[in-house]
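In what follows, a single structure is set out as structure tokens and then discussed.
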Amino acid sequence: MEKIQMNVPLVEMDGDEMTRVIWQQIKDILLVPYIDLKTVYFDLGLKKRDETEDRITVEAAEATKKYGVAVKCATITPNAQRVEEYNLKQMWKSPNGTIRAILDGTVFRAPIIVKNVKPFVKTWERPITIARHAYGDIYRNVELKVEQKGKAELVFTGEDGQVVKEVIHNFGGPGILMGMHNLDGSVESFARACFSYALDQSQDLWFSTKDTISKKYDHTFKDIFQEVYDREYKDQFDAKGIEYFYTLIDDAVARVIRSSGGFIWACKNYDGDVMSDMVATAFGSLAMMTSVLVSPQGHYEYEAAHGTVTRHYYQHLKGQETSTNPVATLFAWTGALRKRGELDKLKDLVRFANTLEKAATDTIEQGVMTKDLALLAEGEKVVVNTRQFLEEINARLIKMI
């Protein structure tokens, strides 16, 4: 067949360890034979980030702003052990955190559904998408360990010199303190990204915080969401026949567990971190999750929701066979290709991305899968290694196109 053409390239961000190996296999087996694949390539492997003093991560994020759609492989966020292992100049920050900050983006994660991997919550029939705010709160906190009696105060000194103080606690002995912050502008961007994504997906949007306890911090999130919705999105939601509503997070959890799915659940940063893992585990596996970072300006960065699968990589280096699930990485590619096709009005590219995803889920539903899924799936199963799994997908893809 003639290869599908692309007009505008994707921003391609390569990664680390086993996912880097899988990344190339996906391209070789499932993409390059069918698409005249155009990408602007950035190597975000740890060695290259160290070599460029992490400038390459910033350049990749800026390129995403320029071209509009990116696809990213899983990368290492180094700890002390990784600094020693890779002989790094310093303990570089998370590439995901850097990219999120530059794009001012919101992370949307949703499970990939296959019929023979049943959710642990029996009522869930459709995917639940978690929209996670990616700025501030506990992830930019300041902490202090208190060793003696004393008074802790929250102090703000205005640009005009005015000082505002609130007593946090009068300590009668040792304890701990933590300060958190967020920005109205970031919360507005979060809200717009959520509302825009809900319209794009034609799904209801839920938002939850704990404003009954946090009457200023969390209540500000609630107020900003409502203001942005009423001012900019209500008419569009009404026209689409979809709903936005706010509820307390404890009420949201109860609603989610009793629901059939098929909606977007917007959460503050920490809540989204926890709830996305809960939803992923209840649906089956982090290796069966889509993840896309969406900016309020309409830039998209697709990635796998899991790590670099270090243990399998060390086995791979020894020449041992590995059965690593590539589905999340594959769906990062298909998500980016579909969005590129939608933006550029390339129906063949959109159709190919959809067909490739169907080939992947059909392969699993027909009992051929990697080891991790075999532990979860019902019915008869054939366990294969990663390359064999990709080739099985390709065999079905050939028949479908």
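The values are calculated or read from the model by the stated rules, or taken from the named source; none is laboratory data. Computed from a prediction, not measured in an experiment: that's the story for all the values here. Cβ atoms come from the backbone with ideal geometry, glycine included; neighbour counts cover every protein chain shown.
For the reader, a short list of remarks on this structure follows.
- Some residue of segment 22-45 being β-branched (Val, Ile, Thr), out of contact with any Leu (no Cβ under 7 Å at 6 or more places or on another chain) and surrounded by 23 or more Cβ atoms within 10 Å (Cβ to Cβ): yes
- Failed item in (1) out of contact with any Ser or Thr (no Cβ under 8 Å at 6 or more places or on another chain); (2) surrounded by fewer than 17 Cβ atoms within 10 Å (Cβ to Cβ); (3) not aliphatic (A, V, I, L, M), with Pro119 passing the rest: (2)
- Qualifying residue in segment 44-58 (condition: part of a loop (DSSP other than H, G, I, E, B) and closer than 30 Å to Glu391 by Cβ): yes
- Residue in segment 209-229 that is of a type in the set (Gly, Ala, Ser) and under 23 Å from Pro127 (Cα atoms) present: no
- Any hit, segment 2-23, residues being assigned by TED's automatic domain parsing to the domain that holds Leu356, closer than 16 Å to Thr329 by Cβ, in contact with a Cys (Cβ under 7 Å, 6 or more places away or on another chain) and assigned to a strand (DSSP E or B): yes
- Within this structure, Thr308 passes the test of being of a type outside the set (Asp, Glu) and outside any helix (DSSP H, G or I).
- Residues satisfying the stated conditions in segment 324-348, i.e. surrounded by fewer than 22 Cβ atoms within 10 Å (Cβ to Cβ) and in contact (Cβ under 8 Å) with a residue 40 or more places away in the chain: Gly335, Leu343, Asp344, Leu346, Asp348
- Any hit, segment 83-93, residues being under 23 Å from Thr329 (Cα atoms) and touching a helix residue (DSSP H, G or I) at 6+ places or on another chain (Cβ under 6 Å): no
- Those residues of segment 351-395 which are assigned to a helix (DSSP H, G or I) and among the polar types (S, T, N, Q), in sequence order: Asn354, Thr355, Thr361, Thr363, Thr386, Gln388, Asn394
- You will find that of Glu357, Glu321, Glu391, the residue that is at pLDDT 95 or above, surrounded by fewer than 19 Cβ atoms within 10 Å (Cβ to Cβ) and closer than 19 Å to Gln25 by Cβ is Glu391 and no other.
- Some residue of segment 299-306 being of a type outside the set (A, V, I, L, M, F, W, C), at pLDDT below 90 and crowded, with 18+ Cβ neighbours inside 10 Å: yes
- Filter result (part of a helix (DSSP H, G or I) and either surrounded by fewer than 23 Cβ atoms within 10 Å (Cβ to Cβ) or of a type in the set (A, V, I, L, M) (or both)) within segment 64-88: Lys65, Lys66, Tyr67, Ala80, Gln81, Arg82, Val83, Glu84, Glu85
- Residues that are within 27 Å of Gly97 (Cα to Cα) number at least 2 in the following helices (runs of 4 or more DSSP H) confined to segment 216-298: 217-228, 249-258, 269-283.
- Whichever residue in segment 202-244 is β-branched (Val, Ile, Thr) and over 26 Å from the mean Cα position of the chain (by Cα) and, among such residues, is nearest to Phe263 (Cα to Cα): Thr212
A quick yes/no check of all residues on (1) within 30 Å of Phe237 (Cβ to Cβ); (2) in the same structural domain as Asp54 (by TED's automatic domain parsing); (3) surrounded by 12 or more Cβ atoms within 10 Å (Cβ to Cβ); (4) under 15 Å from the mean Cα position of the chain (by Cα):
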{"site": "Phe108", "(1), (2), (3), (4)": "yes, no, yes, yes"}
{"site": "Ala134", "(1), (2), (3), (4)": "yes, no, yes, yes"}
{"site": "Lys149", "(1), (2), (3), (4)": "no, no, no, no"}
{"site": "Ala152", "(1), (2), (3), (4)": "no, no, yes, no"}
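- Matching residues, segment 314-329, being more than 19 Å from Asn96 (Cβ to Cβ) and either in contact with a helix residue (DSSP H, G or I) (Cβ under 7 Å, 6 or more places away or on another chain) or among the charged types (D, E, K, R) (or both): His316, Lys318, Glu321, Thr322, Ser323, Thr324, Asn325, Pro326, Val327
- Sub-8 Å Cβ pairs linking a first residue in segment 246-274 that is closer than 20 Å to Ile112 by Cα to a second residue that is part of a loop (DSSP other than H, G, I, E, B) and of a type in the set (A, V, I, L, M, F, W, C), at least 6 apart or interchain, are Ile257/Val121; Ser259/Trp124; Ser260/Trp124; Gly261/Trp124, ordered by first then second residue.
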